[in-house]
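A.B. asks: Quick one: the structure is below, and I'll ask about it shortly.
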Amino acid sequence: MKARKVKKLDPAAPLDVNAARIVRSRVDELRSFAPQALEPDATEAQHDMRIAAKRLRYVLEVTGFCFGKPSQAARSRARDLQGLLGEIHDCDVMLPRVQAEIERLRGEDARAVLLHAADAEDLDPALTTHAPNRSVYRGLELLAVHLRARRALLFERFRHFWQAEVSKGTWSRLERALDEQLEQRKEPNSPPQQEPEPAAREPARAPSPST
Amino acid sequence: MELFEPCFPRKRFRAALKEVKAIADALGERRDRDVSIVALKKFSQGLEVSDRRGVEMLVEQLRGEQSLANDRLAPVVDRRRLLDLRDRIEELVAAADRRAA
């Protein structure tokens with residue numbers, strides 16, 4: 001998935017302004033996949049959402065210190081999301097592979113059994129004992145069962161995780177911090193705000209999130 | 001790198017980014033197999049011994065792919081090629097500094 005182009009980037013502008021625009025774009029991108037990715041079979045949207053989470057995480061690792069605590073929480077949750085969706089993706093990649101392997105072995109065995117039948121009028125069921133892969137299927141079938149069940153479990157975890165983070169306001173708090181940052185920079189001569197949030201007070205000096 | 005894209009001369013930036021992506025892709029190809037092999041081995045250990053053969057066959061296939069991925073990775077992480085990339089990135093940074101000055 002190609003990253004969305006970030007508009008209004010200005011090399012002459014301060015880091016926090018450009019970073020706010022980039023992070024904002026990456027949060028929008030992440031959130032845009034949510035409705036579709038929350039459908040169990042939407043493998044492509046889930047994969048794209050993982051990439052979007054990865055991009056958000058990395059940009060926050062570099063610039064998160066500009067936006068205080070909301071960025072630390074969002075970075076950490078983006079990392080969790082990336083991991084969870086990555087595990088789902090691993091199941092999505094492995095399951096068809098296992099099924100294709102079972103199908104390949106079936107074809108190989110059918111050919112071997114047929115060879116043993118020679119020119120018999122009908123196929124003797126006992127000839128299946130000549131199937132060279134007859135002891136292989138069970139493990140692969142169990143693997144397919146495992147992958148399917150694990151995917152279902154991980155998907156439920158992902159769904160709960162996403163809903164919980166939306167409810168907690170993880171992304172909207174970050175968006176507010178970004179918007180506040182952009183707003184402050186727009187009016188450099190405006191009087192200082194009353195009781196600003198600690199995260200927005202001195203964003204450029206906020207401690208870098210631990211890695 | 002993409003984060004600071006507007007600071008760099010476009011054409012040279014694109015070329016360097018392409019190289020970095022090629023390295024990341026080749027490493028990712030290799031790493032994907034490592035991860036799959038570890039997961040399959042762990043799963044196999046939970047099976048009865050008589051049921052393990054199919055999964056072990058799959059692991060063997062992945063090992064073959066791992067070896068191919070290694071062959072593809074080797075030229076990409078060749079020392080001279082990496083040093084050349086480092087030089088190109090340093091030139092990009094210098095160009096960005098000159099623009100900013």
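A.B. asks: Please go through the stretch A:112-143 and pick out each residue that is surrounded by 14 or more Cβ atoms within 10 Å (Cβ to Cβ) and either within 14 Å of chain B (Cβ to nearest Cβ) or within 22 Å of A:Asp41 (Cα to Cα) (or both).
C.D. replies: Residues satisfying the conditions are A:Ala131, A:Asn133, A:Arg134, A:Val136, A:Tyr137, A:Arg138, A:Gly139, A:Leu140, A:Glu141, A:Leu142, A:Leu143.
A.B. asks: Among the listed residues A:Asp109, A:Asp92, which satisfies the condition of being more than 24 Å from A:Ser25 (Cα to Cα), outside any loop (DSSP other than H, G, I, E, B), touching a His at 6+ places or on another chain (Cβ under 8 Å) and within 14 Å of chain B (Cβ to nearest Cβ)?
C.D. replies: Step by step, each of A:Asp109, A:Asp92 is checked, and only A:Asp92 is more than 24 Å from A:Ser25 (Cα to Cα), outside any loop (DSSP other than H, G, I, E, B), touching a His at 6+ places or on another chain (Cβ under 8 Å) and within 14 Å of chain B (Cβ to nearest Cβ).
A.B. asks: Still on this structure: Among what's in the stretch A:1-26 and is basic (Lys, Arg) and modelled with pLDDT under 90, pick the residue that is nearest to the chain's Cα centre (by Cα).
C.D. replies: A:Lys2
A.B. asks: Mind listing whichever residues of the stretch B:34-55 are surrounded by fewer than 15 Cβ atoms within 10 Å (Cβ to Cβ) and either touching a residue at least 60 places away in the same chain (Cβ under 8 Å) or at the interface with chain A (Cβ under 8 Å from one of its Cβ atoms) (or both)?
C.D. replies: Narrowing the stretch B:34-55 to residues surrounded by fewer than 15 Cβ atoms within 10 Å (Cβ to Cβ): B:34-35, B:38, B:41-42, B:45-46, B:48-50.
Matches in the stretch B:34-55: B:Val35, B:Ser50.
A.B. asks: With (1) within 14 Å of another protein chain (Cβ to nearest Cβ); (2) under 29 Å from the mean Cα position of the chain (by Cα); (3) among the small types (Gly, Ala, Ser) as the list, and A:Ser76 as the residue in question, which single condition is left unmet?
C.D. replies: So A:Ser76 meets the others, but not (1).
A.B. asks: Condition first: surrounded by fewer than 14 Cβ atoms within 10 Å (Cβ to Cβ), of a type outside the set (A, V, I, L, M, F, W, C) and in contact with a helix residue (DSSP H, G or I) (Cβ under 9 Å, 6 or more places away or on another chain). Now tell me which residues in the stretch B:82-96 satisfy that.
C.D. replies: Result: B:Asp84, single match.
A.B. asks: So, one more: For the stretch B:76-97, does any single residue satisfy the condition of being part of a helix (DSSP H, G or I), within 12 Å of chain A (Cβ to nearest Cβ) and without any contact (Cβ under 8 Å) to a residue 24 or more places away in the chain?
C.D. replies: yes
A.B. asks: Go through the stretch A:59-73 and report how many residues are within 12 Å of another protein chain (Cβ to nearest Cβ) and in contact with a Gly (Cβ under 7 Å, 6 or more places away or on another chain).
C.D. replies: Adding up the residues that qualify gives 0.
The values are calculated or read from the model by the stated rules, or taken from the named source; none is laboratory data. Note that this is a predicted model, so its numbers are computed, not measured. Counting neighbours? That spans all protein chains shown, and the Cβs are built from the backbone with ideal geometry, glycine included.
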